[in-house]
Amino acid sequence: MSQNSKSYVIDAARTPRGRGKAGKGALSGIHPQELLAQVLRALEKRTGFTTKDVDDVIVGAVSQVGEQGSNIARNTVLAAGWPVEVSGVSLNRFCGSGVQAINFAAMGIASGTMDLVVAGGVESMSRLPIGADGGGVDGANLELRKRFFQVPQGISADLIATREGYVRKQLDELALRSQKKAAVAIEEKRFARSLVAVTDPATGNVVLAADESPRADTTLEGLAKLAPSFVQMGATPVGPNGETLDQIALSAFPDTLAIEHLHTAGNSSGLADGAGAVVLASETYVREHGLKPRARIRAMATVGSDPILMLTGPAPASEKALKKAGMSAKDIDLWEINEAFAAVVLQTTSKLGIDPDRVNVNGGAMALGHPLGATGAMLIGTALDELERAGKATALITMCIGGGQGIATILERV
Ligand SMILES: CC(C)(COP(=O)(O)OP(=O)(O)OC[C@H]1O[C@@H](n2cnc3c(N)ncnc32)[C@H](O)[C@@H]1OP(=O)(O)O)[C@@H](O)C(=O)NCCC(=O)NCCS
């Protein structure tokens, strides 16, 4: 079935990405509800929509426990001071959560069920680190492990790199490019349109106005010196007979003899804190309220992929979305392929046969960080801003997802 939805993107905003480390990151003192609430209030102020008209607020977050538990969407609506009549729902599609929230909003509008929706995501990795919900990668279901014994994402990334025959230098070169592109984007204020400075709710003082992780002084030599991050993890014995995580992953791929651990702090996405959101509206709402849409959602897709390799979903998800849109990869002007790990971007780019110069033109998570549930909403905003800045028409945003999944959304300017 082809998709030709009239779900319009009205505006997008995000916080800067703070370093996702307790005590070190500038946003680590801010409650995640407050991060997102500040984005919602900024969107209300600058976009001028009527908050009481919002049919729902859809929020992605991965670690939905503690401060990010208790339906963070609804509590954020209240924290933002929006009318109590505005509902909120939280979802978890791991790293694809932010894109998923926006896709669900677009579907709700396309179906005629909703007219005005705010969707996005939030993650404070400094306050709720990866794994904070206690579920591990598989909820510790021993029966499931007999079918698929899933491993943490760093092991999957190294397994992909090994099987694709990537060498460390290739991964580091991609990381260096990400840093350089992010540095140019920051220098030229390309993120300015979407950025909302985060203030301390108690004092009103600005705590972070720009992305905190990029290292503009990164060099290939510096990257080459970093130790691989997942060696020790791979050697951890967790199997029923003391098998290590590396051995467990390899047992699913007998043609690969050993995992080469190539991903480091430099060529992996950084831990981050932040929030992002997008305002979407129906054609009727746009017309009746004189809103000026910036783009429409042209197509969306999700796929499942191998759960052990875990991170190979972006290519098939992109192909599926392109097919639904009646487009081919060459029709896409700009690609945002989430830089969860360098191998993911290399593998997706080559699988789709796309021009690397169209990919992540303003850098990505290796430089900027990846606040899990928030990143998708941030990437959609970044793609939208860049389409306008560069005078281009179409963008495809895709992400790899835990459990072996991929998600893609195609944006088209109107
Ligand atoms: C890879 C990972 C384990 C690294 O964690 P870490 O070692 O704590 O990483 P940091 O970002 O703090 O960097 C550690 C050090 O590496 C060095 N470093 C990092 N990036 C660098 C760069 N570009 N150039 C030179 N040195 C760099 C620095 O010395 C840094 O220490 P400093 O911040 O005190 O200067 C972690 O970022 C991670 O797990 N990433 C993936 C997250 C994830 O799985 N997300 C979901 C995707 S599916």
Given the structure, is residue 184 over 19 Å from the mean Cα position of the chain (by Cα), among the β-branched types (Val, Ile, Thr) and open to solvent by 30 Å² or more (accessible area, probe 1.4 Å)?
yes
Evaluate the following for residue 318: is it without any contact (Cβ under 8 Å) to a residue 12 or more places away in the chain, under 20 Å from residue 380 (Cα atoms) and either touching a Gly at 6+ places or on another chain (Cβ under 9 Å) or open to solvent by 20 Å² or more (accessible area, probe 1.4 Å) (or both)?
no
Of the numbered conditions (1) assigned to a helix (DSSP H, G or I); (2) modelled with pLDDT under 95, residue 41 satisfies every one except a single condition; which is it?
(2)
Failed condition for residue 341, given (1) touching a Leu at 6+ places or on another chain (Cβ under 9 Å); (2) open to solvent by 10 Å² or more (accessible area, probe 1.4 Å); (3) more than 16 Å from the ligand (Cβ to nearest atom), with all others met?
(3)
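Among the residues of segment 286-294, are any over 30 Å from residue 44 (Cα atoms) and outside any loop (DSSP other than H, G, I, E, B)?
No - not one qualifying residue is present in segment 286-294.
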Identify, from the list 88, 120, the residue that is open to solvent by 10 Å² or more (accessible area, probe 1.4 Å), more than 16 Å from the ligand (Cβ to nearest atom) and modelled with pLDDT of 95 or more.
88
Selection count, segment 380-407, where residues are within 16 Å of the ligand (Cβ to nearest atom), aliphatic (A, V, I, L, M) and either closer than 21 Å to residue 327 by Cα or touching a His at 6+ places or on another chain (Cβ under 8 Å) (or both):
3
Counting just the residues of segment 234-275 that are closer than 24 Å to residue 338 by Cβ and open to solvent by 70 Å² or more (accessible area, probe 1.4 Å), which one comes out nearest to the chain's Cα centre (by Cα)?
271
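The values are calculated or read from the model by the stated rules, or taken from the named source; none is laboratory data. All of these numbers come straight from a predicted model, not from anything done at the bench. Cβ: placed from backbone, ideal geometry, glycine included. Neighbour counts: every protein chain shown. With ligands, DNA and RNA removed, areas are computed over all heavy atoms of the protein, side chains included. Shrake-Rupley method; radii C 1.70, N 1.55, O 1.52, S 1.80 Å.
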